[in-house]
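Everything on this sheet refers to the single structure shown next.
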Amino acid sequence: MDEDGFYLKVSRALSGCQLVEQQLKLYITEALELVKKCVGDKMPFNMSGQDYANSSLEGLIKIFKRLSDNPSLVGDLNKFKDERNFLSHEGITHCLDYEGTLFYSTAAEYQSRLKAIEDEAGRLRLALHEEANKFRAHLWFDVIEVEQAQSK
């Protein structure tokens, strides 16, 4: 493996992490849209997914925890966040020597963690999608009383 190959593997693994963040943002956006739909004109509800567009992964997990009843998935997301933070913020520097040249033996060990987080990112994206499916039909298809009254 050369340096370009190493960095390509890093970017591939970390792009999966970005997709987990996007899936969390989608979940939060849809959950808040459902709340707004249910609240209707009973009270102002001005929260939206856009409020969390620039949130960190940790912040997104905290909001997800408040909008979900799946502590196991929250725990998995927190473990994922910790590993992602290590790999993206500290891991690469562990693979470089003092001159910034790739330290091949350490990089080889690092690759297994990259592969693991890439796989975990895929699993978590699917789990988040399935979690949102628990309420998505209500968002898209339920007719809320307020909407019925407004349409008359």
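The values are calculated or read from the model by the stated rules, or taken from the named source; none is laboratory data. Note that the coordinates shown come from a computational prediction; the quantities given were computed from them, not determined experimentally. Here Cβ is always computed from backbone atoms with ideal geometry, including for glycine, and neighbour counts include all displayed protein chains. Please note that ligands, DNA and RNA were not included when accessible areas were found on the heavy atoms of the full protein model with its side chains. Shrake-Rupley method; radii C 1.70, N 1.55, O 1.52, S 1.80 Å.
Please report, ordered by residue number, every helix of the chain (full DSSP H runs) that is 30 Å or longer along its axis going by C-alpha atoms and whose mean Kyte-Doolittle hydropathy reaches -0.5.
3-39
Please report the orientation-averaged projected area of segment 62-139, defined via the convex hull of its C-alpha atoms, in nm².
For the Cα atoms of segment 62-139, the hull's average projected area reads 6.2 nm².
What is the packing order of peptides 66-74, 123-131, taking the mean over residues of other C-beta atoms within 10 Å and listing the highest first? Present the calculation step by step, with values, prior to reporting the outcome.
Working: 66-74: 13.6, 123-131: 16.1.
Put in order of decreasing packing, that is 123-131, 66-74.
Select one label from [x] 1.14; [y] 1.11; [z] 0.99: the one whose number is Rg/Rh (Cα atoms, Kirkwood Rh) as derived from the coordinates shown.
Among [x] 1.14; [y] 1.11; [z] 0.99, the one calculated here is [x].
Using DSSP to define loop residues, name the GluC sites (Glu not before Pro) in segment 73-104 whose beta-carbon has at most 10 other beta-carbon atoms within 10 Å.
Those that pass, being in a loop and sparsely packed, are GLU99.
Using the charge dipole of the chain (Lys, Arg: +1 at Cβ; Asp, Glu: -1 at Cβ; taken about the Cα centre), state which of ALA13, PHE135, THR29 has its Cα farthest towards the positive end.
Result: PHE135, furthest along the dipole toward the positive end.
Would you check segment 54-138 for Lys pairs whose C-alpha atoms are within less than 17 Å, ignoring same-chain pairs closer than 8 in sequence, and give me the count?
Details: LYS62/LYS79; LYS62/LYS81; LYS65/LYS79; LYS65/LYS81; LYS65/LYS134; LYS79/LYS115; LYS81/LYS115.
The number of close lysine pairs in segment 54-138 is 7.
Please calculate the 1.4 Å probe accessible area of CYS95, with all protein chains present, and give it to the nearest 10 Å².
0
Using a 1.4 angstrom probe, figure out how much accessible area the chain has per residue, in square angstrom, rounded to the nearest whole. Walk me through the intermediate numbers first.
Working: 9350 Å² over 152 residues.
Averaged over the residues of the chain, the accessible area is 61 Å².
Give the relative contact order (percent, whole number) for the chain; include only Cα pairs under 8 Å separated by 6+ residues.
39
Mind ranking GLU21, GLU3 by accessible surface for me, highest first, 1.4 Å probe?
Sorted descending by solvent-accessible area, the residues read GLU3, GLU21.
Please list TYR110, TYR98 from largest to smallest accessible area, probe radius 1.4 Å, with all protein chains kept in place. Could the numbers behind the result be given before it?
Numbers: TYR110 10, TYR98 225 Å².
Per-residue accessible area, sorted high to low, gives TYR98, TYR110.
Per 0.36 nm of contour for each residue apart, how much would the distance between VAL143 and SER105 grow if the chain were fully extended, relative to their Cα-Cα spacing?
7.7 nm
Along the Cα-to-Cβ line of SER55, 7 Å from the Cα, sits a label point; which residues in segment 6-36 have backbone N less than 11 Å from it?
24-32
Could you tell me what percent of the accessible area of the chain is made up of carbon and sulfur, with a 1.4 Å probe and every protein chain present?
53
Roughly speaking, what is the stretch gain from SER88 to ARG12, that is 0.36 nm per residue apart minus the C-alpha to C-alpha distance, in nm to one decimal?
Net length gain for the segment: 26.2 nm.
Could you please put SER55, SER15 in sequence from largest to smallest accessible area, using a 1.4 Å probe?
SER15, SER55
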